[in-house]
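Here's the structure, in structure tokens; my notes come after.
Read-outs: derived from the displayed coordinates by stated rules, not from any lab. Here the structure is a predicted model, which means the values were calculated and not measured. Every residue, glycine among them, receives a Cβ derived from its backbone with ideal geometry; neighbour counts consider all protein chains shown.
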Amino acid sequence: MGRSTHIALLRTWLESRGHAVLDTGMTRSILAGRGIKEAKTGHTLGRLTMQLFYATDFIDRLENKMLPALRSGFIVLTDRYIYSAMARAEVRGIDSNWVRSIYGMALVPDAIFYLRVNSPQQLVERVLASGKGFDYWESGMDLHLGEDFYDSFIEYQTRMLNVFDRMTTEYGFHVLNASRSVRSVAADLRRAVLKLIDQSFAEDESRTQAASRSEPAATSPRGPDKTRTQEVAER
Amino acid sequence: MIKYGNHRFPGKLFVVEGTDGSGKSTQLTLLYQWLKAEGYPVSFSEWNSSPLVKATTKRAKKRHLFTPATFSLLHATDFADRTERDIIPPLKAGSIVLADRYIYTAFARDVARGCDRDWVRDVYSFAVRPNVAFFFRAPLKVAVDRIVSGRPRLKYYEAGSDMGWSDDPEESFTIFQGKILDEYDRMVDEFGLTKIDATQSIEKQQREMRKLISQHLSRRRFKAH
């Protein structure tokens, strides 16, 4: 729900505050992005194949973009992380343990923002506003849930919302009501991100002080495992 | 999820495995000809041949885009597509399916590249267990000589050049194949692979294969017409 808008706003704001930002998102890997898009133009992409293709895309971005950026002290914003993939898998009846084990090497994000809408009807409004019509996969047409795209879309998105709601407690999503204006959602996002940054800098400060007390000549770079990934969950 | 495991489909799945240069593809072709001549419906699935994934793999190999993990995952993607498309449907329909390389290839290669043994097995846990998995075992030197003498140049990932073991492709290839062979050897018991001595004559190996496979075939053949 306005994920890309919010990421763009957040990025500009963070950069204006002097933070380096990497933004990335599903299907944006150099390795598999194009292949996934091509595979999705046909309707022969099976559910297991789809999962693994997305996992390839994710791991490529993790290893080649996100981890190097985090190591160099960037803030990483990602438009969907592993949770959207896991939700899609679950709706398709795929064993969640299998999916979880595939993504075993993913980092736990510092925050997962879930832009939540109240009903699939609100998503329909967005589809109509986009002028592009219903997308085959976003409507879950591969699952044969309804007579047509509309029915299928409503059913599919209802199931997705249920899975996300369940994941909210399981993975500690920070829920933002996305039915509000862009301005107020963006303000909430900034506030939440600012809090994380302040915390993280406070930790850095105390670590640097501790380090300089014990080892004055230490010139080691920042810890490699400093994670500042934020997932903006799907819908 | 549907975990296929030991399948109950009416068809049969036979796969061949082994290092490059072990002669497995030759043996599989001979087997195919025989089964055809005997009147069985046979279909064929080759490693790395999914129409959805092929272009991505090709481009990634050319541009050296892979890490061990993404190499593994993209090959798993290819394999998943073939499982969903070329392997399960014919097995359900009662066909014999022959596969040139199967999950054991991934287990051997990816672990040789440093992927976690359990992780790779988990990734492929959706695979159908073959009725027979042949492992053509040739000593390292024999296999390496067969490949190196037959090819003008070893390809980057084929030689394991991405791992930085050696700047010399031939030396890197030998190291890589050695690690792969070790993995195969430890899988013989783990997965009950049927080991065939690939230094024997082609005819002898083929006789061995046919004898074993006959035990899995019903006397009543499904004639095409």
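Computed values, structure above
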| item | result |
| --- | --- |
| Candidate lysines for bridging to B:Lys12, where Cα separation is under 25 Å - those fewer than 8 sequence places away on the same chain excluded | B:Lys3, B:Lys24, B:Lys36, B:Lys92, B:Lys195, B:Lys204, B:Lys211, B:Lys223 |
| Of the GluC sites (Glu not before Pro) in segment B:10-69, those whose Cβ has at most 14 other Cβ within 10 Å and which sit in DSSP loop | B:Glu38 |
| Mean Cα-pair separation over length for chain A, i.e. relative contact order, pairs under 8 Å, 6 or more apart, % | 31 percent |
| Residues A:Glu15 and B:Ile202, FRET efficiency given R0 of 56 Å [Cβ-Cβ distance, rounded to 0.05] | 0.30 |
| Coordinate range along principal axes, alpha carbons of segment B:12-214, Å, largest first | 49, 36, 32 |
| Kirkwood-Stokes translational diffusion coefficient of chain A, alpha-carbon pairs, 25 °C, 0.890 mPa s, µm²/s | 128 µm²/s |
| Overall form of the protein assembly as shown per C-alpha gyration tensor (a/c, 1.5; a/b vs b/c) | oblate |
| Gap separating the Cα centres of segment A:121-187 and segment B:46-70, nearest whole Å | 32 Å |
| Global form of segment B:103-182, assessed from the alpha-carbon gyration tensor, a/c cut-off 1.5 | oblate |
| Where Rh is the Kirkwood radius over Cα pairs, Rg/Rh for segment A:85-166 | 1.01 |
| Ranked list, fewest to most other Cβ atoms within 10 Å of each Cβ, for A:Thr44, B:Thr67 | A:Thr44, B:Thr67 |
| ³J(HN,Hα) computed for each position of segment B:112-127 - Karplus, 6.51 cos²θ - 1.76 cosθ + 1.60, integer Hz, glycine/proline x | 4, 7, x, 6, 5, 4, 5, 4, 4, 5, 5, 4, 8, 5, 7, 5 |
| Shielding by partners, peptide B:74-84 (average Cβ within 10 angstrom, other chains) | 6 |
| Computed over segment A:1-120: relative contact order in percent, which uses C-alpha pairs under 8 Å that are six or more apart | 32 percent |
| Relative contact order [Cα under 8 Å, 6+ residues apart], segment B:12-214, whole percent | 32 percent |
| Per-peptide average of other Cβ atoms within 10 Å, ordering B:173-186, B:98-111, A:192-205 highest first | B:98-111, B:173-186, A:192-205 |
| Centroid-to-centroid separation of segment B:129-161 and segment A:61-109 [C-alpha atoms, Å] | 34 Å |
| The protein assembly as shown, helix-only ellipticity at 222 nm - DSSP H runs n ≥ 4, -39,500 (n - 2.57), divided by all residues, nearest 500 | -16000 deg cm²/dmol |
| Sparsely packed trypsin sites (Lys or Arg not before Pro) within segment A:78-135, loop by DSSP, other Cβ within 10 Å at most 12 | A:Lys132 |
| Cα-based helix-to-principal-axis angle, B:24-37 vs chain B, degrees rounded to 10 | 20 degrees |
| Sorted by Cβ neighbour density within 10 Å, fewest at the top, the residues B:Lys141, A:Lys40 | B:Lys141, A:Lys40 |
| Neighbour-count order for B:Thr57, A:Thr5, fewest beta carbons within 10 angstrom listed first | A:Thr5, B:Thr57 |
